[in-house]
Amino acid sequence: PVKLAGPPMLGARYDVRIGGPASFTGRFATVFSERRILDPSRPPATREVASREQGLYLADAALTMALTGQKSWKRLVPYTSVGVGVASDFKGADASGYRFGTTFAFSFGGGVRWLPRDRWQLRADVTDWLYQ
C-alpha cells in the first residue's frame, strides 16, 4: 500500500520583502514522526522489535518570488520558493545504533496568498525538504 500522508508537522515562518516580487523567508518546523526498529532475521509478521518517537526539526532560509510581481490577480498572489537549511533530531543513537544527526537540507515549494484586506492574508503552501 502507498502511504500519501506523513506525520503531523508544526512550524513558523517569517517573511521580509527585499524588493520587487522577492522576499526572504525564514522557516522552522518540527515533525512528530516515529521510527520503527526492525529485526531482519525475524519473519515479516514479527519483524518490528520496537517503535519510538523520532522528532525531527527543520530550519531553512529561502528566497520567495511572487509570480504576479508586485501585484495580485483577483486578490491572489501565487509564489514559488527555494531555500537551504538543516534537518536534525538532536538525539544520539537509538537501540539499533541508528543516528540521524544533523544534515544539510534543500527546500522548494510554492503556494498562494489570498489578500482579503490590506493588512491580513491567508496562505496555503506546499514545501518539500530534501535531506540525506
Output the number of residues of the stretch 89-128 satisfying the condition of being assigned to a strand (DSSP E or B) and more than 30 Å from V49 (Cβ to Cβ).
17
Please determine, by comparing only the residues of the stretch 56-88 that are of a type outside the set (A, V, I, L, M) and not in a strand (DSSP E or B), which one is least open to solvent (accessible area, probe 1.4 Å).
G69
Within the stretch 24-38, the residues that are closer than 15 Å to G83 by Cα and either modelled with pLDDT under 95 or under 16 Å from the mean Cα position of the chain (by Cα) (or both) are T25, G26, R27, F28, A29
Would a scan of the stretch 35-53 turn up a residue that is open to solvent by less than 50 Å² (accessible area, probe 1.4 Å) and either within 28 Å of G110 (Cβ to Cβ) or touching a helix residue (DSSP H, G or I) at 6+ places or on another chain (Cβ under 6 Å) (or both)?
no
Touching a strand residue (DSSP E or B) at 6+ places or on another chain (Cβ under 9 Å), surrounded by fewer than 12 Cβ atoms within 10 Å (Cβ to Cβ) and not in a loop (DSSP other than H, G, I, E, B), is that true of V16?
yes
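The values are calculated or read from the model by the stated rules, or taken from the named source; none is laboratory data. Given the structure is predicted, the values throughout are model-derived calculations rather than measurements. So basically every Cβ, Gly included, is an ideal-geometry build from the backbone, and we count neighbours across all protein chains shown. Note: areas computed on protein heavy atoms with side chains; ligands, DNA, RNA excluded. Shrake-Rupley method; radii C 1.70, N 1.55, O 1.52, S 1.80 Å.
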